[in-house]
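Shown next, in structure tokens, is the structure this report addresses.
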Amino acid sequence: MTTTTKGWQLDLDGARGYEANLVPAAMDPWAADLVAAVGLAPGDGVLDLACGTGIVTRHAAGRVGPGGGLVGVDANPAMLAVAREVTSDLVPAATWHEATAEDLPLGDQAVDAVVCQQAVQFMADPIVTLVEARRVLAPGGRLGVGTCASLVRQPGYTVLVEVVARHLGEEAATVLASPYGLGEVDRLRAVITAAGFAGIHLRRSITPFRFPSPTAFLAAESASSPLGDLTARLPPATLDPLLADLADGLRPHRDDDGIVFPFETLVATADRG
């Protein structure tokens, strides 16, 4: 996987780690919640925007049924490769496209719903992204967006980002903090409004994140994010103090089963208008 200051770019190993670790821990329940909030109906056509390994598509399939249509778009070929692997028997079958969210390979008014989970915050211009999403929505269509709340509302990840900054540098910490840049209710509402949507509804959702140890927390994060290309090369002289610092910072979140802390997301729905 590749670390950049622009966000997360995962190679095939990273995409498989994302599917094995982050999807069952968080993306799966978040996708179920987001798809339910959008209110899909049998026969709907759905675009999974910045689809990753396709967990939103998988949940949408059960709601639209055999008469529906599923399209996944992502700019990362590794994520799409895993999406194809894990949806080979999906009904209805999904169509996958490697493309950017700003230039979708769909015609005007092509789908009934656009759902984007944990990706809008990585876009160079979220408003441009959502204007393009609105273009492909049919009249009466619905938008669903899920994003991380701001880092200040994430106690466990605040500790991790601070520890990474101290031990691996500010550039690595900036990448690790990149999922949280659109995490204020007023800001997300303003972006969706500026893209032309109406009937916007936002709510906060809180999920407990549990790990058996701080080491397991770091390992899971490393397997499913660009942090892995750094931690995989660390000698014990660097890794051991990092883990000790992380364990100390997470001490308030310990119990007899390990560590646990709340993770907050924002769930937004809107009408095409």
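The values are calculated or read from the model by the stated rules, or taken from the named source; none is laboratory data. Just so you know, these numbers come straight off a predicted model, no measurement behind them. A quick note on method: Cβ atoms are made from the backbone with ideal geometry, for glycine too, and the neighbour counts reach across all protein chains shown. Accessible surface areas use protein heavy atoms only, side chains included; no ligands, DNA or RNA. Shrake-Rupley method; radii C 1.70, N 1.55, O 1.52, S 1.80 Å.
Worth pointing out:
- Accessible solvent surface per residue of segment 73-227, calculated while the other protein chains remain in place, 1.4 angstrom probe, Å²: 41 Å²
- In the chain, the longest principal axis of the Cα atoms and the axis of helix 126-136 are about 30 degrees apart.
- With Cα atoms, 0 to 90° folded angle of helix 236-249 axis to the chain main axis: 70 degrees
- FRET E, pair T174, R203, Förster distance 22 Å, beta-carbon r, rounded to 0.05: 0.20
- Fluctuation leader among D13, D28, D103 - the chain, Gaussian network, Cα springs under 10 angstrom: D103
- With a Förster radius of 51 Å applied to the beta-carbon distance between V131 and D240, the computed FRET efficiency rounds to 0.60.
- Across segment 27-34, computed HN-Hα scalar couplings (Karplus, 6.51 cos²θ - 1.76 cosθ + 1.60, θ = phi - 60°) run 5, 5, x, 5, 5, 4, 5, 5 Hz from first to last residue, x flagging Gly and Pro.
- Test item: Cα-centred dipole of the chain, Lys/Arg +1 and Asp/Glu -1 on Cβ, debye: 580 debye
- Once the Cβ-Cβ distance of D103 and E184 is raised to the sixth power relative to R0 = 22 Å, the FRET efficiency obtained is 0.20.
- Pairwise centroid distance, computed over Cα atoms, of segment 105-180 with segment 195-273, Å: 15 Å
- Positive dipole terminus of segment 128-197, leading residue within V175, L137, G156 (C-beta point charges): L137
- The mean sequence distance of close C-alpha pairs (under 8 Å, at least 6 residues apart), as a share of the length of the chain, puts its relative contact order at 23 percent.
- Most mobile of A237, A220, A110 in a GNM of the chain (Cα contacts under 10 Å): A237
- Taking the Cα centre of segment 6-48 as reference, the dipole from Cβ charges on Lys and Arg (+1) and Asp and Glu (-1) amounts to some 100 debye.
- Relative contact order (percent, whole number), segment 178-273, Cα cutoff 8 Å, 6+ residue spacing: 52 percent
- Helix 77-86 and the long axis of the chain differ in direction by around 80°, with both axes built from C-alpha atoms.
- Rounded to the nearest 20 debye, the dipole size of segment 70-221 about its Cα centre is 640 debye, using +1 on the Cβ of Lys and Arg and -1 on the Cβ of Asp and Glu.
- The chain, helix-only ellipticity at 222 nm - DSSP H runs n ≥ 4, -39,500 (n - 2.57), divided by all residues, nearest 500: -11500 deg cm²/dmol
- Its alpha carbons give the chain an Rg and a Dmax of 18.6, 59 Å.
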